[in-house]
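These notes are about the structure you will find just below.
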Amino acid sequence: MAGRLKATKRMKNIMKWYYIEAKYARFLGKKIAWITSGGPVEPLIAMNIIPIYPENHGAMIGASKMGGKMSEFAEGLGYSSDVCSYTKNDITSSITKESPIGGLPAPDMLICSNNICGTVLKWYEIQARKFNVPLFIYDTPFVHTEFTDEAREYVNEQTKEYIRFLEKHTGKKFNYKKMKKVGKLSLEAMKLWKKVLETAEHKPSPMTAFDAFFHLALIVTLRGKKVVVKYYRQLLEELEERNRQNIGAVDNEKYRLLWDNLPIWYRMRWLSEKFASHQAALVADTYTQAWCGVIDYVNEDDFLSSMGEAYTRIHLNVGVDQMADTIKKFIRQYDVDGLVMHSNRSCKPYSFGQYDIQNLLQEEDIPVLMIEADMTDERKFSESQAEARIDAFMEVIKQRKKEKQK
Amino acid sequence: MQNKKVINLFREIAENPYDYLRKQKTETGKKMIGSTCAFTPEEFIIAAGAHPFRIFGESESLSGADAHIQAYGCSMVRGMLEDGLSGKLDFLDGVVFPHACDSIQRLSDIWRLNIPSLHFDVLLPVKLDTPLAQSYFVKVLERFRKDLEKTLDVVISETALKESIILMNRMRSRLKRLYELQSEKPGILSGSDLSAVVKACMVMDKQEAANRLAELIDVLETSFTEKKIKRILISGSVCSHPDIYEMIENKGAVVVWDDLCSGSRYFEGLADEDTEPVQAIAGRFTERYVCPAKHLGVKFQMENLKMLIKQHHIDGILFMLLKFCEPFSFDYPDIKTELEKMEIPFLLVEMDRHNEVDEQMRTRIDTMLEIL
């Protein structure tokens, strides 16, 4: 048994201090910006503004199994039971202050990028009304098949608008020199994160997607800061050491799987143990890869001017066929035996198209399992149904592997 | 032509839009270009010599769509896909997908991968209230124009574009006049007739639509109705339930205006005929009132609703939301709070496109109307 990664404790510590700093931001004379998970955070770091991610908070709420109850509260206010549970968690928490960390510190401004969905636009409009703070929308045109010249110009010009917005609402000049450093650190963190994920190419894999979901927090929230680079370096070392010693995250790993969509936060441990009981490791996933999927678009020496393209071309903002290509690449790269798709009622842009991705994967000839759930609302999940489906799926995989080995 | 006859003509088309379009194609030889949202700049399609129409999702059974979009997709998106997959749109030449909600974006991908037709993604900005977004909007339209020219192998001349602006403006202002007549003389038309007229206009040849509207308006301008009546506004994405209008009318109320994609959002706003055509078309889209998938400031939807309430002396509001529609449903609770402050009665109904209006819903609607 591999045991826990040592880095886990450090990570918890870093996150704890991050939230404590945010809580006392006003005493420290710092401003707080709430920002969407795919949003351009680097200019905030360069301006010494504390970025806060309601989605990360939503994940925490989900992992603490508070999601169903908090969604229900929002539904009592008139929000539909069929819409994004992250949003509902945040709306509830900003009223009741309920959450594993007692709610988020109020924002001074809101930064919303629609590169992950259109839902965040509605979510941030709601919070802009509630907190009566300025909202900046970083609008990233969808790349169905092509990133057009006019879209490139539009996002690049918005980068300038964004900086003017930050200058206006902080009353300070933008620090381009610091931005250069932050940009470099951000890219370095993305590259390290990529290497961390790639350690799972090793058989047995030193980590699983469940580890990735956890260690993702820093690349999401604090990329551009030194502490992130240092942290992922240490994590990478630890994982490489496991590989040298052939220590797998799952005992006697026999089967390797790929995960698609957000985690089912409230059933992480259950799912992890369930798959491990079949000697199956979820070695990679499309979700955490999104934070290093655009490295090639970033210009190391001029982060700002390349930021628009990088943020526009992320996994969720491209056509279904491009998403299928990414999955094909991972199937080969991580040598997986099966694909597990989370059909996530809360995330339509991630989930609609999953059936077509399955069709596009036909030549890969790998079994696919679809689990119906929601990322934080446990009311939308049936454990017995999921269990039966996972068992049946694993039987198919075992059979296939046996046949292949003959 | 008499009033009833014109209305029947509109109704016939609204009830069997695809039969009308199939016949049009045979008669005119025009390319049939469908669209998925009110954000489609139809002027370009007309100027390209093609026939624009709105795909509604006529299918009730969704067995084909089930294999592509999960059951938590809205019935409009799933219905449109079903129409495409099932062969109902056998006359179709191409489809325009303006950037709207997440579901329509994915519908575009799924359509492109499964249904052989010409494909146009119009990558509109999501915010419409900055000069930068407005200038990007113009460039997106320029690209759409070029795409149409290339794909249909035509030239869209400035003259043709100006003419189609004039034509669309004529049709839109007549639709608006019809709505105004209903607001001025409530009950002059039945709500289900008026809703059928708008739907038919989204399908018909625009010149014919404009002509028929003129005939209808002529008759109605001189007609009268009793004045004292409760005035209802319907707000949401689409309302495809003629029963609802009837139920409202049976209770002594009339839908005097709507804020629907299948209603006023289709005709609101005119393109400026004296401006450069592409600019004018973009200008209309960024100035008229929009659906909540687009951003025009954080309070836009609420302010717009208040404006409509005032303008049309609304007594009560019926929110008709499609089940699973995120943009509308996220706006609702804050609007609800505001309406409660204003003490305006309202009711939320969440439905699928082809749901029957059941007893429970009937009772809820009746109860709201009785409060008025």
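Does A:SER99 fit the bill of being over 23 Å from the mean Cα position of the chain (by Cα) and part of a loop (DSSP other than H, G, I, E, B)? Steps first, answer last, please.
Numbers: over 23 Å from the mean Cα position of the chain (by Cα): no; part of a loop (DSSP other than H, G, I, E, B): yes.
Considered against the rule, which asks whether it is over 23 Å from the mean Cα position of the chain (by Cα) and part of a loop (DSSP other than H, G, I, E, B), A:SER99 comes out as no.
Checking the condition open to solvent by 10 Å² or more (accessible area, probe 1.4 Å), assigned to a loop (DSSP other than H, G, I, E, B) and within 23 Å of B:ILE166 (Cβ to Cβ), which residue from B:LYS88, B:LYS30 passes? If you could, list the steps in order and put the result at the bottom.
Working: B:LYS88 fails: within 23 Å of B:ILE166 (Cβ to Cβ).
Just a single option satisfies the conditions, and that option is B:LYS30.
Quick check on my filter: what residues within region B:196-213 are open to solvent by less than 30 Å² (accessible area, probe 1.4 Å) and either part of a helix (DSSP H, G or I) or under 17 Å from B:LYS4 (Cβ atoms) (or both)? Don't jump to the end; show me each part of the working.
Initially, region B:196-213 is screened for residues open to solvent by less than 30 Å² (accessible area, probe 1.4 Å), giving B:196-198, B:200-204, B:206, B:209-210, B:213.
Those that are open to solvent by less than 30 Å² (accessible area, probe 1.4 Å) and either part of a helix (DSSP H, G or I) or under 17 Å from B:LYS4 (Cβ atoms) (or both): B:ALA196, B:VAL197, B:VAL198, B:ALA200, B:CYS201, B:LYS206, B:ALA209, B:ALA210, B:LEU213.
For region A:50-71, name all the residues that are more than 20 Å from the chain's Cα centre (by Cα) and away from chain B (no Cβ under 14 Å). Give the steps one after another, and end with the answer.
So in region A:50-71, the residues more than 20 Å from the chain's Cα centre (by Cα) come out as A:68-71.
A:GLY68, A:LYS69, A:MET70 - these are the residues of region A:50-71 that are more than 20 Å from the chain's Cα centre (by Cα) and away from chain B (no Cβ under 14 Å).
Before we move on, is B:ASP102 within 13 Å of chain A (Cβ to nearest Cβ) and under 22 Å from the mean Cα position of the chain (by Cα)?
Working: within 13 Å of chain A (Cβ to nearest Cβ): yes; under 22 Å from the mean Cα position of the chain (by Cα): yes.
Spelling it out, B:ASP102 is indeed within 13 Å of chain A (Cβ to nearest Cβ) and under 22 Å from the mean Cα position of the chain (by Cα).
What is the one condition in (1) within 14 Å of another protein chain (Cβ to nearest Cβ); (2) under 22 Å from B:ARG78 (Cβ atoms) that B:LEU339 does not satisfy?
(2)
Search region A:384-395 for residues being of a type outside the set (D, E, K, R) and open to solvent by 70 Å² or more (accessible area, probe 1.4 Å), and hand back the single one that is farthest from A:VAL340 (Cα to Cα). Give the steps one after another, and end with the answer.
So the first thing to find is which residues in region A:384-395 are of a type outside the set (D, E, K, R), and the list is A:384-386, A:388, A:390, A:392-394.
Now drop any that are not open to solvent by 70 Å² or more (accessible area, probe 1.4 Å), which leaves A:384-385.
Details: A:SER384: 17, A:GLN385: 15 Å.
Among them, the one singled out is A:SER384.
Taking into account only those residues within region A:78-99 that are open to solvent by 50 Å² or more (accessible area, probe 1.4 Å) and more than 12 Å from chain B (Cβ to nearest Cβ), which is nearest to A:SER351 (Cα to Cα)?
Filtering region A:78-99 for residues that are open to solvent by 50 Å² or more (accessible area, probe 1.4 Å) and more than 12 Å from chain B (Cβ to nearest Cβ), the one nearest to A:SER351 (Cα to Cα) comes out as A:GLU98.
Residue pairs, Cβ under 7 Å, 6 or more apart or interchain, first in region B:60-85 and without any contact (Cβ under 8 Å) to a residue 12 or more places away in the chain, second open to solvent by 30 Å² or more (accessible area, probe 1.4 Å). List them.
B:ALA67/A:TYR355
Which of the residues belonging to region A:136-160 are assigned to a helix (DSSP H, G or I), open to solvent by less than 40 Å² (accessible area, probe 1.4 Å) and out of contact with any Ser or Thr (no Cβ under 7 Å at 6 or more places or on another chain)? Spell out the reasoning first.
Taking region A:136-160 as the starting set, the residues that turn out to be assigned to a helix (DSSP H, G or I) are A:149-160.
Still in the running and open to solvent by less than 40 Å² (accessible area, probe 1.4 Å): A:150-151, A:154-155, A:158-159.
Listed by number, the residues that qualify are A:GLU150, A:TYR154, A:GLN158, A:THR159.
A:GLU75 - would you say it is within 14 Å of chain B (Cβ to nearest Cβ), in a helix (DSSP H, G or I) and without any contact (Cβ under 8 Å) to a residue 12 or more places away in the chain?
Numbers: within 14 Å of chain B (Cβ to nearest Cβ): yes; in a helix (DSSP H, G or I): yes; without any contact (Cβ under 8 Å) to a residue 12 or more places away in the chain: no.
Answer is no for this residue.
Restricting to region A:102-122, what's the tally of residues that are within 7 Å of chain B (Cβ to nearest Cβ) and among the hydrophobic types (A, V, I, L, M, F, W, C)? Before the answer, list the steps.
Keep residues of region A:102-122 that are within 7 Å of chain B (Cβ to nearest Cβ), which gives A:114, A:117-119, A:121-122.
With among the hydrophobic types (A, V, I, L, M, F, W, C) added as a condition, the list becomes A:117, A:121.
Looking only at that region, the number is 2.
What pairs come out if I take residues in region A:282-306 that are free of Cβ contacts under 8 Å to residues at least 12 places away in the same chain and pair them with residues that are surrounded by 18 or more Cβ atoms within 10 Å (Cβ to Cβ) whose C-beta lies under 7 Å away, six or more apart or interchain?
As it stands, the answer is A:ASN299/A:SER306; A:SER306/A:VAL298, since those pairs meet every condition given.
Looking only at helices (runs of 4 or more DSSP H) that lie completely in region B:232-325, which have at least 1 residues being touching a Gly at 6+ places or on another chain (Cβ under 6 Å) and at pLDDT 95 or above? Please lay out each step first, then the result.
Numbers: elements: B:242-250, B:264-267, B:277-287, B:300-311.
Ranges flagged: B:277-287.
Hey, B:ASP83 hits all of (1) of a type in the set (D, E, K, R); (2) open to solvent by 10 Å² or more (accessible area, probe 1.4 Å); (3) more than 14 Å from every other protein chain (Cβ to nearest Cβ) but one; which does it fall short on?
(2)
For region B:43-60, which residues satisfy the criterion of being open to solvent by 10 Å² or more (accessible area, probe 1.4 Å) and closer than 16 Å to B:LYS199 by Cβ?
Answer for region B:43-60, where residues must be open to solvent by 10 Å² or more (accessible area, probe 1.4 Å) and closer than 16 Å to B:LYS199 by Cβ: B:ARG54, B:PHE56, B:GLU58.
Kindly list, by first and then second residue, each pair from a residue in region B:97-119 that is surrounded by fewer than 18 Cβ atoms within 10 Å (Cβ to Cβ) to a residue that is modelled with pLDDT of 95 or more and among the polar types (S, T, N, Q), limited to pairs with Cβ atoms under 7 Å and residues at least 6 apart or on different chains.
Pairs that qualify, where the first residue is surrounded by fewer than 18 Cβ atoms within 10 Å (Cβ to Cβ) and the partner is modelled with pLDDT of 95 or more and among the polar types (S, T, N, Q), are B:LEU118/B:THR151.
Would you mind stating whether B:ALA133 is within 12 Å of chain A (Cβ to nearest Cβ), touching a strand residue (DSSP E or B) at 6+ places or on another chain (Cβ under 7 Å) and farther than 22 Å from A:GLY319 by Cα? Working first, answer last.
Details: within 12 Å of chain A (Cβ to nearest Cβ): yes; touching a strand residue (DSSP E or B) at 6+ places or on another chain (Cβ under 7 Å): yes; farther than 22 Å from A:GLY319 by Cα: yes.
For B:ALA133, the condition - within 12 Å of chain A (Cβ to nearest Cβ), touching a strand residue (DSSP E or B) at 6+ places or on another chain (Cβ under 7 Å) and farther than 22 Å from A:GLY319 by Cα - is met.
Is there a residue in region B:342-357 that is more than 11 Å from chain A (Cβ to nearest Cβ), part of a helix (DSSP H, G or I), within 27 Å of A:SER85 (Cβ to Cβ) and open to solvent by less than 50 Å² (accessible area, probe 1.4 Å)?
no
Scanning region B:263-313 for residues that are among the β-branched types (Val, Ile, Thr), within 16 Å of B:SER135 (Cα to Cα) and within 14 Å of chain A (Cβ to nearest Cβ), which turns out most open to solvent (accessible area, probe 1.4 Å)?
Step by step, filter region B:263-313, then rank; the result is B:THR286.
Looking at the structure I just gave you, is A:LYS30 basic (Lys, Arg) and assigned to a helix (DSSP H, G or I)?
Details: basic (Lys, Arg): yes; assigned to a helix (DSSP H, G or I): no.
So A:LYS30 does not fit the description; no.
Check off (1) part of a helix (DSSP H, G or I); (2) at pLDDT 95 or above for A:TRP291 and give me the number that stays unchecked.
With (1) part of a helix (DSSP H, G or I); (2) at pLDDT 95 or above applied to A:TRP291, the lone miss is (2).
Could you please let me know if B:PRO125 is over 23 Å from B:TYR20 (Cα atoms), at pLDDT 95 or above, touching a Ser or Thr at 6+ places or on another chain (Cβ under 7 Å) and within 13 Å of another protein chain (Cβ to nearest Cβ)?
Here the answer is no, as B:PRO125 does not meet what is asked.
I need every pair where a residue in region A:233-244 that is at pLDDT 95 or above has its Cβ under 8 Å from the Cβ of a residue that is part of a helix (DSSP H, G or I) and among the β-branched types (Val, Ile, Thr), sequence separation at least 6 or different chains.
Partner pairs satisfying both residue conditions: A:LEU235/A:VAL196; A:LEU236/A:VAL196; A:LEU236/A:THR199; A:LEU239/A:VAL196; A:LEU239/A:THR199; A:GLU240/A:THR199; A:ARG242/A:THR199; A:ASN243/A:THR199.
Quick one: A:ALA310 ticks every box in (1) within 13 Å of another protein chain (Cβ to nearest Cβ); (2) small (Gly, Ala, Ser); (3) free of Cβ contacts under 8 Å to residues at least 60 places away in the same chain bar one, so which box is it?
(1)
Can you find even one residue in region B:317-334 that is more than 10 Å from chain A (Cβ to nearest Cβ), over 20 Å from the mean Cα position of the chain (by Cα) and open to solvent by less than 50 Å² (accessible area, probe 1.4 Å)?
no
Return the residues of region B:61-80 that are at the interface with chain A (Cβ under 10 Å from one of its Cβ atoms) and not in a helix (DSSP H, G or I); say none if nothing qualifies.
Once the filter is applied, which keeps residues that are at the interface with chain A (Cβ under 10 Å from one of its Cβ atoms) and not in a helix (DSSP H, G or I), region B:61-80 yields B:HIS68, B:ILE69, B:GLN70, B:ALA71, B:TYR72, B:GLY73, B:CYS74.
Anything in region A:128-143 that is closer than 19 Å to A:TYR79 by Cβ and facing chain B (nearest Cβ under 9 Å)? List them, or say none. So that I can check it myself, show each step before the final result.
First pass over region A:128-143, keeping only residues closer than 19 Å to A:TYR79 by Cβ: A:128-131.
Result: A:ALA128, A:ARG129, A:LYS130.
The values are calculated or read from the model by the stated rules, or taken from the named source; none is laboratory data. Quick caveat: nothing in here was measured; it's all calculated off a predicted structure. Here the Cβ is made from the backbone with ideal geometry for all residues, glycine too, and neighbour counts use every protein chain on show. SASA here: full protein model, heavy atoms, side chains in, ligands and nucleic acids out. Shrake-Rupley method; radii C 1.70, N 1.55, O 1.52, S 1.80 Å.
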